[in-house]
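The values are calculated or read from the model by the stated rules, or taken from the named source; none is laboratory data. Bear in mind the structure is a predicted one, so any value in this text is a computation, not a measurement. Cβ coordinates were reconstructed from backbone atoms using ideal geometry, including for glycine residues, and neighbour counts include every protein chain displayed.
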Amino acid sequence: MLFGIFSFVLIIAISLRVTFGRYLNHLPEEKRRISLENFKSYLRWIAGWKFSFLKLSRWDRAIDYFIKWAKKNFSGWTVWVFYLMSLCYVYLASSGLFFAWFVPRGLFGFPLLLHVAAGALFAITLTVILFLKARHYLPERLNASGELSGQGFWCPLLKKSLPRIYIQAVSFWIFVLTGFLLAASTLGSMLPYFNYPAQIVFFNLHRWSAVFSVVSAILGLDSIIE
């Protein structure tokens with residue numbers, strides 16, 4: 001119960017924070033601050049979306065943007081590795097969170113078997129992506145990057161924009177770390193070498209790693225959308 005409530009509130013809070021940052025980025029710099037007036041305007045902005053996410057045209061635009069970004073950042077056959085990883089991750093995150101939030105018994109049956117299979121593919125594709133992209137998010141590469149200028153991620157607490165490449169790097173490494181914690185906790189729970197208390201530790205590690213993986217995915221996705 002505690003995990004379900006905390007994870008739900010955390011993911012909703014991060015999503016609201018991301019969209020609030022998007023709203024602030026459209027304001028003149030002198031008006032970018034946390035205030036009741038801005039928050040009310042933000043709520044009206046959100047309300048203006050209504051049910052636009054149900055329109056197929058919106059999904060078509062989002063998928064087109066995703067495909068263009070993938071082809072720009074992954075060459076040749078590697079783009080299909082990225083597509084497969086993304087597809088597996090969408091199922092893993094949606095199935096895991098749905099059963100954690102709405103099904104007291106938890107994940108079971110055929111969805112669980114598919115979850116395990118998708119998890120294995122995700123671990124393999126994530127490893128390939130790590131070898132392909134890790135060097136782009138090393139500190140020396142970030143300092144030498146030409147992407148430090150222009151509109152970034154507005155931080156109301158610091159009252160300045162952070163370069164998007166920094167947000168991408170932090171999100172990437174958290175996503176990789178939590179991804180391998182997810183794989184390790186799953187593998188550990190399957191091996192016959194650990195007792196019941198250890199299995200509980202693996203179970204909790206898996207769930208919390210999943211939550212922070214989703215948080216990093218939300219931040220990473222926001223950072224790549226211009």
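List, please: which pairs have Cβ atoms under 8 Å, are six or more places apart or on different chains, and start with a residue in the range 104-125 that is modelled with pLDDT of 90 or more and end with one that is in a loop (DSSP other than H, G, I, E, B) and not aromatic (Phe, Trp, Tyr)?
His115/Leu107
Out of (1) at pLDDT 85 or above; (2) assigned to a loop (DSSP other than H, G, I, E, B), the odd one out for Leu157 is which?
Among (1) at pLDDT 85 or above; (2) assigned to a loop (DSSP other than H, G, I, E, B), the lone unmet condition for Leu157 is (1).
Can you spot a residue in the range 202-211 that is exposed (fewer than 13 other Cβ atoms within 10 Å of the Cβ), closer than 21 Å to Val116 by Cβ and modelled with pLDDT of 85 or more?
Within the range 202-211, one or more residues are exposed (fewer than 13 other Cβ atoms within 10 Å of the Cβ), closer than 21 Å to Val116 by Cβ and modelled with pLDDT of 85 or more.
Residue check: is Ser52 modelled with pLDDT of 75 or more and out of contact with any Phe, Trp or Tyr (no Cβ under 7 Å at 6 or more places or on another chain)?
So Ser52 fails the test.
From Leu2, Leu10, Leu36, which residue is exposed (fewer than 10 other Cβ atoms within 10 Å of the Cβ) and either within 22 Å of the chain's Cα centre (by Cα) or within 17 Å of Val214 (Cβ to Cβ) (or both)?
Leu2
Condition (residue is modelled with pLDDT under 80, acidic (Asp, Glu) and assigned to a helix (DSSP H, G or I)) applied to the range 58-74: is it met by at least one residue?
no
Would you check which residues across the range 167-201 are in contact (Cβ under 8 Å) with a residue 40 or more places away in the chain and either hydrophobic (A, V, I, L, M, F, W, C) or surrounded by fewer than 15 Cβ atoms within 10 Å (Cβ to Cβ) (or both) and list them?
Result: Ile167, Val170, Phe172, Ile174, Phe175, Val176, Phe180, Leu182, Ala183.
Looking at (1) modelled with pLDDT of 85 or more; (2) surrounded by 13 or more Cβ atoms within 10 Å (Cβ to Cβ); (3) within 26 Å of Phe66 (Cβ to Cβ), which one does Ser145 not meet, given that it meets all the others?
For Ser145, the failing item is (1).
Please go through the range 87-109 and pick out each residue that is under 19 Å from Ala183 (Cα atoms), of a type in the set (Gly, Ala, Ser) and either surrounded by fewer than 16 Cβ atoms within 10 Å (Cβ to Cβ) or in contact with a strand residue (DSSP E or B) (Cβ under 9 Å, 6 or more places away or on another chain) (or both).
Of everything in the range 87-109, those that are under 19 Å from Ala183 (Cα atoms), of a type in the set (Gly, Ala, Ser) and either surrounded by fewer than 16 Cβ atoms within 10 Å (Cβ to Cβ) or in contact with a strand residue (DSSP E or B) (Cβ under 9 Å, 6 or more places away or on another chain) (or both) turn out to be Ser94, Gly106.
When you go through Arg22, Arg61, Arg44, Arg17 one by one, which is the residue that is touching a helix residue (DSSP H, G or I) at 6+ places or on another chain (Cβ under 8 Å) and of a type outside the set (Phe, Trp, Tyr)?
Arg22 is the lone residue from the list that is touching a helix residue (DSSP H, G or I) at 6+ places or on another chain (Cβ under 8 Å) and of a type outside the set (Phe, Trp, Tyr).
Looking at the range 89-103, can you tell me whether even one residue there is more than 30 Å from Asn204 (Cβ to Cβ), within 16 Å of the chain's Cα centre (by Cα) and part of a helix (DSSP H, G or I)?
no
Can you tell me which of (1) at pLDDT below 75; (2) within 23 Å of the chain's Cα centre (by Cα) is the one Lys31 doesn't meet?
Unmet condition: (2).
Can we say Tyr65 is surrounded by 13 or more Cβ atoms within 10 Å (Cβ to Cβ), among the aromatic types (Phe, Trp, Tyr) and farther than 30 Å from Gly4 by Cα?
Judged against the criteria, Tyr65 is a match.
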